[in-house]
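Following: one structure in structure tokens, then a few remarks.
The values are calculated or read from the model by the stated rules, or taken from the named source; none is laboratory data. The model shown is predicted, which means the values in this text are computed figures rather than measured ones. Heads up, the Cβs are rebuilt from the backbone with ideal geometry, glycines too, and the neighbour counts pull from every protein chain shown. All accessible areas refer to the heavy atoms of the entire protein, side chains included, with ligands and DNA or RNA removed. Shrake-Rupley method; radii C 1.70, N 1.55, O 1.52, S 1.80 Å.
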Amino acid sequence: MKMLETFDLSVEFSGFKAISDLNFSLDQGEVRVILGPNGAGKTTLMDLITGKTKPTSGKVVFRGTDITGMDPHGIARLGVGRKFQGPNLFDNMTVFENLEVALQGNHTLFKALAFKKKKALVDRIYEVLARVSLERKANHVAVNLSHGEKQWLEMGMILAQDPELIVLDEPTTGMTADETFKTGELIQTLFKGRSVLVIEHDMAFVRQIARVVTVLHQGKFLAQGTLQEIEQNQRVQEVYLKEGSHA
Ligand SMILES: Nc1ncnc2c1ncn2[C@@H]1O[C@H](COP(=O)(O)OP(=O)(O)O)[C@@H](O)[C@H]1O
Ligand SMILES: [Mg+2]
């Protein structure tokens, strides 16, 4: 079964088609990168998948369930976790508290708390903190973390919610080369076995994490293949030459 499929998906903003008749699919356990110049519709595609934006026409299917038009909470509850572009933490709360909030969105565990008090929650928080190497910063206020640590904490918060599909919008923006590499490793270890859709433009990072890359242009499918195939694709080269190299 496919983890995610879109069928002739389109959205119009005052007559402008930001996504146009897009047919896309992602396998279970696959890490896929979405490339495309600025304004290609990459973030809009994520908005459509996660329910933030409702399509004008077409369908979004998650694990065989039609989720078209469902609200973001409903889609999240079905098992879709999203990381927006840039840090989105509760700045004045500690690392531990940020994870606590993320976990209390997990209904199953929240119910279990009534019986096992807070033990299950605290154990789970430390388990996730260990996986993003932040145990020693559990009581630090989030605002004091480095840029990389903030992004990794957010990835931990997504993991805590145990989603099957994870959607990340430019997770390495503003990172050093070392932080970027570590983020690639985290995606591979932290989210192992899950399906991941990543918008990204750092080519070293794309090479590190993805086997298949999908390129969008003006809201439409442009090309798909290995990074090597994409780099040699004439239509892709034309688009990037015309519009500059930034994704
Ligand atoms: N809510 C919206 N209202 C109007 N136009 C929008 C909206 N969201 C996106 N767009 C437009 O759709 C196009 C695609 O935007 P976006 O998905 O953010 O591109 P990308 O993430 O690939 O850079 C852009 O021209 C953008 O201005
Ligand atoms: Mg974007």
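Observations on the model:
- Index of the failed condition, LYS137 passing every other in (1) over 11 Å from VAL33 (Cβ atoms); (2) open to solvent by 80 Å² or more (accessible area, probe 1.4 Å); (3) modelled with pLDDT of 95 or more: (2)
- Residues that are basic (Lys, Arg), within 13 Å of ligand 1 (Cβ to nearest atom) and open to solvent by less than 30 Å² (accessible area, probe 1.4 Å), drawn from segment 1-58: LYS42
- Qualifying residues in segment 1-38 (those that are of a type in the set (A, V, I, L, M, F, W, C) and more than 18 Å from GLN224 (Cβ to Cβ)) - the one modelled with the lowest pLDDT: MET1
- Positions within segment 159-171 being open to solvent by 10 Å² or more (accessible area, probe 1.4 Å) and either more than 16 Å from ligand 2 (Cβ to nearest atom) or in contact with a helix residue (DSSP H, G or I) (Cβ under 7 Å, 6 or more places away or on another chain) (or both), in sequence order: GLN161, ASP162, GLU164
- Selection of strands (runs of 3 or more DSSP E) fully inside segment 1-91 by the criterion of at least 2 residues being in contact with a strand residue (DSSP E or B) (Cβ under 6 Å, 6 or more places away or on another chain) and without any contact (Cβ under 8 Å) to a residue 60 or more places away in the chain returns 2-13, 57-62.
- Qualifying positions in segment 159-169 - modelled with pLDDT of 95 or more and charged (D, E, K, R): GLU164, ASP169
- Qualifying residue in segment 215-226 (condition: within 16 Å of ligand 1 (Cβ to nearest atom), open to solvent by 70 Å² or more (accessible area, probe 1.4 Å) and at positive phi): yes
- Candidates LEU197, LEU153, filtered to the one that is surrounded by 18 or more Cβ atoms within 10 Å (Cβ to Cβ) and either modelled with pLDDT under 95 or under 12 Å from the mean Cα position of the chain (by Cα) (or both): LEU197
- Residue match in segment 228-247 (condition: out of contact with any Lys or Arg (no Cβ under 9 Å at 6 or more places or on another chain), open to solvent by 60 Å² or more (accessible area, probe 1.4 Å) and of a type in the set (Ser, Thr, Tyr)): yes
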